[in-house]
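For reference, the structure discussed in these notes is given below.
The values are calculated or read from the model by the stated rules, or taken from the named source; none is laboratory data. Just so it is clear, the structure is predicted and the values come from calculations on it, not from any experiment. So basically every Cβ, Gly included, is an ideal-geometry build from the backbone, and we count neighbours across all protein chains shown. What goes into the accessible areas is simple: the full protein's heavy atoms, side chains included, and nothing from ligands, DNA or RNA. Shrake-Rupley method; radii C 1.70, N 1.55, O 1.52, S 1.80 Å.
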Amino acid sequence: NHMRHVESMAKLPSGAGKITRLNAVILGEALASEEDDLVFPSENFSRQAHVSSLQKYLEMYRRSVQDPAGFWSDIASEFYWREKWGQQVYFENLDIRKGKIQIEWFKGGMTNICYNCLDRNIESGNGDKIAIYWEGNEPGLDSSLTYNQLLARVCQLANYLKDIGVRKGDAVVIYLPMLMELPIAMLACARIGAVHSVVFAGFSAESLAQRIMDCRPKVVITCNAVMRGSKIIYLKEIVDRALMESAQNGINTDVCLTYENESAMKKEMTKWIKGRDIWWQDVIPKYPVTCDVEWVDAEDPLFLLYTSGSTGKPKGVLHTTGGYMVYTATTFKYAFDYKPTDIYWCTADCGWITGHSYVTYGPLLNGATVVIFEGAPSYPDAGRCWDIVDKFKVSIFYTAPTLVRSLMREGDEHVSRYSRKSLRVLGSVGEPINPSAWRWFFNVVGDARCPISDTWWQTETGGFMITPLPGAWPQKPGSATFPFFGVQPVIVDEKGVEIEGECSGYLCVKSSWPGAFRTLYGDHERYEATYFSAFPGYYFSGDGCSRDKDGYCWLTGRVDDVINVSGHRIGTAEVESALVSHPQCAEAAVVGVEHEVKGQGIYAFVTLVEGVPYSDDLRKSLVMVVRNQIGAFAAPDKIHWAPGLPKTRSGKIMRRILRKIASRQLDELGDTSTLADPTVVDQLIALADC
Ligand code: WTA
């Protein structure tokens, strides 16, 4: 099916080496249709690429879906396995009608992802290669680790963790900013078979406590503070509050291992709880620099990562070891056309899936040199990214559309004053990239020389699902193009029927891939209900997608109640529940609204408790309650006073109407006659700018 779409694409005019319609764009001519705008890789780029043509992709893709076991076994064999997997390379049931949803890859195989990232690359002669370049918040503050050095640091921490009783299968919560210690901590857990749960260090104490209570770690790893731009964030205090809250709920954490991030805050200034808190620098350097590997089954858990859904509390997405390893490594290699001489920088934080798969595991599995940046991309000025690119000679730069748009607003001078000639491939992730941001990224940042890999994927998918392979086919600004090897995406209608050709609908996947998540931690039923029940027989992504006449995929955003703010997934229900926890808030309804930089902004309709007057202070305290319960990144952009909310007679809030009011598309409100009280709509419109 997909093959047919792609094959029809193969009939496209061959324009390799030419940038056809793009010239028109550069010259400022309006295009008849966005979709017809093809951007070809240069002949030179294609010639040296891992996948140099559409034909080659099609051959590989065909094999990957016709013989997944053979295709993925061949790739998996490039890694080190203590014991080979069993007869059955994979097992899958994605059809809820046939019983329990289950996905397994390489079951019975014994391996270790830390070993494959470090020891294996060292044994093949890369011990002295730089594994990590670290750039601090302050320009001029930097350091680096070779693969040998990184292994030694990982082993020391792994030995310590074992010493305090962390065993295979135990959870470890990591709440760190982008210090080298963050990937070190992840790898140390993986080495001993412990399950890491990294919590983005922008989450509030309450969110952290929730995650701690869900997975009950023996140890929490953090640092005392971090500077982001000119702002200091006292991380240890947030952890203290979270640990206090979880202790009040009967969950006790033995150890809080705290790294002294000296450039932000001295040890002496840090509040300390004797007996529980341990300074990293006091203990870790004393441990041996070698540590035996715990060999684990391919299906043993590697990590938990919480993500937002359309309802209630965050979901603990669980990834296992073997399939995730093979998948992140392979997607990294092909989607970025990675070569051993590349210097790779992904601006994502390890607190999100992008930082797991494409800061830590994917690149290190390939023996890559990775840049890690502690600071904010606009500090000390909007040229910082390109300063870092020039400094480390970054050749692959992977970021989010929100950053592209915010830098675009600052003007081209901040870019053009840097050379950027080391850049070879650009990447985008987190939300659809709008064509104008795509063009700016391509023309201004990449000097019309670097293909852009617009990678569509999710926390749940572990790795890239729909992505260009730079060099293999022409791109269209804003399209994630075609599926990665082994991925069989389908577009279905409301009834769950696959639709073909040019169409739009719900994006599903009809077979498993090695990097797929296996369950939601402690709640397999929710896993089945959320992802496999809406359209039986398929994994449902929660995204809408359309396919154009050439078979290119265009992601159109979430179709559920999840909003995507600066590439961060936020459940409207989470924000609503934070708002209604405010004693003066009676009811809240949150919708996403288009935002020039963030992609989507958070727009909250709030009904106050009877008799409470509206005030600016109250507005601020409502925003504060969300910051405190979730984190600053989830703070509503707008609070809209709502004496009443548009509800159906059965009491269901009609979000469709709220979205139209939020985006001021007042002439598109549609039918309001089914509302219990249609006059609330006029009330809301009248209060829109209060
Ligand atoms: C969105 C981030 C369009 C999408 C890796 C998805 C994208 C959600 C893209 C997952 C892209 C991510 N084009 N939309 N290239 N990449 N998304 O779990 O809505 O934080 O469902 O994973 O981000 O967000 P998550």
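Say a paramagnetic label sat at a point 7 Å from the Cα of residue 84, along Cα to Cβ; which residues of segment 97-140 have their backbone N under 18 Å from it? Within reach of a label on residue 84, which here means backbone N under 18 Å from a point 7 Å along Cα→Cβ, segment 97-140 contributes 105-112. Model label sites at residue 341 and residue 91, defined 7 Å from Cα along the beta-carbon direction, differ in position by 4.7 nm. Ligands, DNA and RNA left out, the accessible area of segment 142-212 computed with a 1.4 Å probe is 43% carbon and sulfur.
Label segment 322-372 by shape, choosing from rounded, prolate and oblate, from the square roots a ≥ b ≥ c of the eigenvalues of the Cα gyration tensor; if a/c is under 1.5 it is rounded, and otherwise prolate applies when a/b is larger than b/c, oblate when it is not. Oblate. Maximal additional length on extending the residue 376-residue 685 stretch stands at 107.4 nm, based on 0.36 nm per residue less the C-alpha distance. Computed per residue of the chain from DSSP H runs no shorter than four, each worth -39500 (n - 2.57), the mean residue ellipticity at 222 nm is -8000 deg cm²/dmol.
The ellipsoid that matches the Cα gyration tensor of segment 395-505 has semi-axes, each √(5λ) in whole angstrom, of 29, 15, 12, with the longest given first. Simple point charges give the picture: +1 on the Cβ of Lys and Arg, -1 on the Cβ of Asp and Glu, and for segment 216-343 a dipole about the Cα centre of about 560 debye.
When you count the other C-beta atoms within 10 angstrom of each residue and take the mean per peptide, 466-474, 71-79 line up highest first as 466-474, 71-79. Secondary structure note: in the chain, about 60% of the DSSP beta bridges are antiparallel. Computed from backbone phi with θ = phi - 60° and the Karplus coefficients 6.51, -1.76 and 1.60, the 3J(HN,Hα) list for segment 414-423 is 5, 8, 5, 6, 10, 6, 6, 6, 6, 5 Hz; x is used for glycine and proline. Each peptide among 428-438, 125-135, 326-336 gets the average number of other Cβ atoms lying within 10 Å of its residues, and from highest to lowest they stand as 326-336, 428-438, 125-135. Of the cross-linked pairs 638/660; 168/333; 168/267, those separated by over 20 Å at the C-alpha level are 168/333; 168/267.
Please report how far the C-alpha centroid of segment 652-690 lies from that of segment 417-452, rounded to the nearest whole angstrom. Centre-to-centre (Cα) distance: 39 Å.
For residue 427, the amide hydrogen comes within under 5 Å of the amide hydrogens of 397, 398, 399, 453, counting only partners 5 or more places away or on other chains and with H modelled in the peptide plane.
Each 10 Å bin from zero holds the following percent of Cα-Cα pairs in segment 610-690: 16, 41, 34, 9.
Here the contact order of segment 190-239, divided by its residue count and restricted to Cα pairs under 8 Å and six or more residues apart, works out to 29 percent. Taking only protein heavy atoms and a 1.4 Å probe, the accessible area of segment 492-629 is 49% carbon and sulfur. Counting only the Cα atoms, segment 78-191 fills a convex hull of 166 Å³ per residue. Entry comment: accessible area of the chain is 37 Å² per residue, from protein heavy atoms only and a probe of 1.4 Å. Screening the chain for whole DSSP H helices of 18 Å or more along their axis (Cα) with average Kyte-Doolittle hydropathy at least -0.5 returns 147-163, 235-248, 322-335, 616-629.
For residue 132, nonlocal amide neighbours, meaning residues 5 or more places apart or on other chains whose placed amide H falls under 5 Å from its own, are 145, 370.
Cβ-Cβ distance of residue 665 and residue 421, R₀ of 30 Å, FRET efficiency by 1/(1 + (r/R0)^6): the value works out to about 0.10. Mean separation of Cα pairs under 8 Å and 6 or more residues apart, divided by the residue count, gives segment 370-447 a relative contact order of 35 percent. The length gained on full extension between residue 649 and residue 129, counted as 0.36 nm times the residue separation minus their Cα-Cα distance, comes to 180.6 nm. Once the Cα gyration tensor of segment 453-524 is diagonalised, what are the square roots of 5 times its eigenvalues, in whole Å and ordered largest first, as equivalent ellipsoid semi-axes? Square roots of five times the eigenvalues give 23, 18, 10 Å. Taking θ as phi - 60° and the Karplus parameters 6.51, -1.76 and 1.60, the scalar couplings of segment 81-87 work out to 10, 5, 9, 6, 5, x, 3 Hz in sequence order, x denoting glycine and proline. Placing a pseudo-label 7 Å from each Cα along the Cα-to-Cβ vector at residue 143 and residue 596 gives an inter-label distance of 4.1 nm. Nonpolar atom fraction for segment 329-423, defined as the carbon and sulfur part of the 1.4 Å probe accessible area, stands at 54 percent.
Dividing the mean sequence gap of close Cα pairs (under 8 Å, 6+ apart) by how many residues segment 339-385 holds gives a relative contact order of 37 percent. Overall, the anisotropy analysis places segment 146-269 in the oblate class: the square-rooted eigenvalues a ≥ b ≥ c of its C-alpha gyration tensor yield a/c not less than 1.5, with a/b not exceeding b/c.
Computed over every Cα-Cα pair of the chain and binned at 20 Å starting from 0, the pair-distance distribution P(r) comes out as 18, 53, 28, 2 percent. Compared with the direct C-alpha span, the chain from residue 237 to residue 56 gains 59.8 nm at full extension, assuming 0.36 nm per residue.
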